[in-house]
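The values are calculated or read from the model by the stated rules, or taken from the named source; none is laboratory data. The structure presented is a predicted model; accordingly, all values stated were derived computationally and were not measured. Using ideal geometry, Cβ is built from the backbone for each residue, glycine included, and neighbour counts are taken over all protein chains shown. Only protein heavy atoms, including side chains, enter the accessible area calculation; ligands, DNA and RNA are left aside. Shrake-Rupley method; radii C 1.70, N 1.55, O 1.52, S 1.80 Å.
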Amino acid sequence: MEKSWKEKMEQIRRCGTADVADTLSKRFGMKNYSVDGLSALRPGDKIVGPAYPLSYRKTGRPGEQPLPFYEVVQQCETGGVLVMEGLPDYIYGGDVVCRYVRHCGAAGLITDGNMRDIGSLQTMEDFPVFCKGSSSYISHYAGDVMTAGQPILLHGVRICPGDILFGDEDGIVVIPREILDDVLYQLEDMVRIEDEYTAVFESAKPGEDIIAKLRAVGSQKRVRRE
């Protein structure tokens with residue numbers, strides 16, 4: 001039976017980014033899927049949902065026509081993740097920006113720069129924010145939105161609109177939307193194998209040679225979906 005979209009997102013949320021990374025690497029041969037260097041403002045937060053990318057550039061570049069932030073954010077699908085790049089040395093906003101983005105239906109926010117009003121943002125338990133760090137400096141007038149809903153590069157990783165972003169304490173991984181169902185199928189198997197590894201360790205006697213048991217678990221591999 002086909003899973004609902006909500007069930008698919010919850011399956012990802014129950015896992016860790018390490019599980020997803022192993023699946024993308026070992027089962028799909030992917031290499032460029034991990035966005036490193038960004039972390040949740042509230043320890044333990046997870047973020048998951050389809051990406052709605054915004055690309056920023058510094059204000060004042062001649063010949064460029066910026067987009068209105070508050071209007072383009074309304075195009076983010078309900079449950080989506082607003083992901084902003086282009087101004088890593090500045091802040092993208094704080095309490096007002098995040099509360100507005102949440103009001104528009106987004107499930108969270110990821111940015112390559114800083115945020116402020118951290119104390120207030122940490123009280124928004126239903127709206128995780130992943131960013132580089134914090135700053136009190138008011139610099140959101142230093143940049144403009146130049147593209148919305150178009151592919152971007154975040155720390156060298158390509159993110160297309162609708163790709164699934166999943167973040168936890170280990171980092172952020174990007175799942176191409178077109179292979180989501182195949183990834184979920186293989187992810188179930190990767191989690192099962194991890195559980196079996198854990199069972200081997202927990203049942204082993206001190207000093208017991210368990211290499212053969214670990215290899216037996218690791219040799220199992222689910223075939224691709226038809």
Give the stretch 26-56 a look and list any residue that's among the basic types (K, R) and open to solvent by less than 50 Å² (accessible area, probe 1.4 Å), or say none. R27, R42
Do you know which residues across the stretch 109-127 are touching a Leu at 6+ places or on another chain (Cβ under 8 Å) and in a loop (DSSP other than H, G, I, E, B)? D112, G113, Q122, F127
First in the stretch 87-113 and under 18 Å from I152 (Cβ atoms), second anywhere and part of a strand (DSSP E or B) and of a type in the set (S, T, Y), Cβ under 7 Å, 6 or more apart: L87/Y56; Y92/T111
Can you report the number of residues in the stretch 126-150 which are open to solvent by 60 Å² or more (accessible area, probe 1.4 Å), under 28 Å from L180 (Cα atoms) and either modelled with pLDDT of 95 or more or out of contact with any helix residue (DSSP H, G or I) (no Cβ under 8 Å at 6 or more places or on another chain) (or both)? 2
List every residue pair whose Cβ atoms lie under 8 Å apart, where the two residues are 6 or more positions apart in sequence or sit on different chains, the first residue falls within the stretch 180-207 and is without any contact (Cβ under 8 Å) to a residue 12 or more places away in the chain and within 19 Å of E10 (Cα to Cα), and the second residue, located anywhere, is charged (D, E, K, R) and open to solvent by less than 60 Å² (accessible area, probe 1.4 Å). none
Tell me whether the stretch 90-98 contains one or more residues that are modelled with pLDDT under 90, open to solvent by 60 Å² or more (accessible area, probe 1.4 Å) and over 18 Å from D168 (Cβ atoms). yes
Taking only pairs six or more apart or across chains, which ones have beta-carbon atoms under 7 Å, a first residue in the stretch 64-85 that is farther than 17 Å from A51 by Cα, and a second residue that is assigned to a strand (DSSP E or B)? E64/R57; E64/M146; P66/D144; P66/V145; P66/M146; L67/V145; L67/M146; L67/A148
Among the helices (runs of 4 or more DSSP H) contained in the stretch 7-106, which hold 1 or more residues that are under 13 Å from L165 (Cβ atoms)? 17-22
Name the single residue that is farthest from E188 (Cα to Cα) among those in the stretch 6-25 being buried (at least 18 other Cβ atoms within 10 Å of the Cβ) and among the hydroxyl-bearing types (S, T, Y). T17
The listed residue being in contact with a Phe, Trp or Tyr (Cβ under 8 Å, 6 or more places away or on another chain), of a type in the set (G, A, S) and closer than 21 Å to S135 by Cβ, out of G113, G93, G37: G113
Only one of M30, M1 is without any contact (Cβ under 8 Å) to a residue 24 or more places away in the chain, under 15 Å from P176 (Cβ atoms) and not basic (K, R); which? M30
Of the listed residues (T59, T123, T78, T111), the one being of a type in the set (S, T, Y) and open to solvent by less than 10 Å² (accessible area, probe 1.4 Å) is T111
